[in-house]
Amino acid sequence: MSISIFALIVFWLVLAIVFAAVELATVGLVSIWFAAGAFAALLVAVLHGNLILQVIVFLAVSIVLLVSTR
């Protein structure tokens with residue numbers, strides 16, 4: 001089963017918006033880093049990176065940013 005590039009772009013965009021909205025509703029400075037990770041994964045999707053690479057970028061960016069602020 002292959003997921004289209006467009007579907008992945010929409011997925012990461014929606015995820016980034018949801019995490020940003022959660023961050024606006026709370027002020028814990030946690031969700032914003034996941035929004036940044038989703039945006040980074042969105043960029044990988046736009047550049048036609050595969051799903052595994054997108055997930056790795058999402059996790060890596062999110063964790064590095066989260067750890068750097070805690």
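The values are calculated or read from the model by the stated rules, or taken from the named source; none is laboratory data. The structure displayed is predicted, hence computed values, not measured ones. Here Cβ is always computed from backbone atoms with ideal geometry, including for glycine, and neighbour counts include all displayed protein chains. Side chains included, ligands, DNA and RNA excluded: accessible areas come from the protein's heavy atoms. Shrake-Rupley method; radii C 1.70, N 1.55, O 1.52, S 1.80 Å.
Principal semi-axes of the equivalent ellipsoid, √(5λ) from the alpha carbon gyration tensor of the chain, are 23, 14, 7 Å from largest down. Split the accessible area of the chain by element, probe 1.4 Å, and carbon with sulfur accounts for 84%. Rounded to the nearest 10 degrees, the inclination of helix 31-46 to the longest alpha-carbon principal axis of the chain is 20 degrees. For the chain, the per residue solvent-accessible surface stands at 65 Å², with DNA, RNA and ligands left out and a 1.4 Å probe.
To the nearest 10 degrees, how steeply does helix 5-25 sit against the main Cα axis of the chain, on a 0 to 90 scale? In the chain, helix 5-25 runs at an angle near 10 degrees to the longest axis. In terms of packing, defined here as the mean over residues of other Cβ atoms within 10 angstrom, the peptides 40-50, 58-68 line up highest first as 40-50, 58-68.
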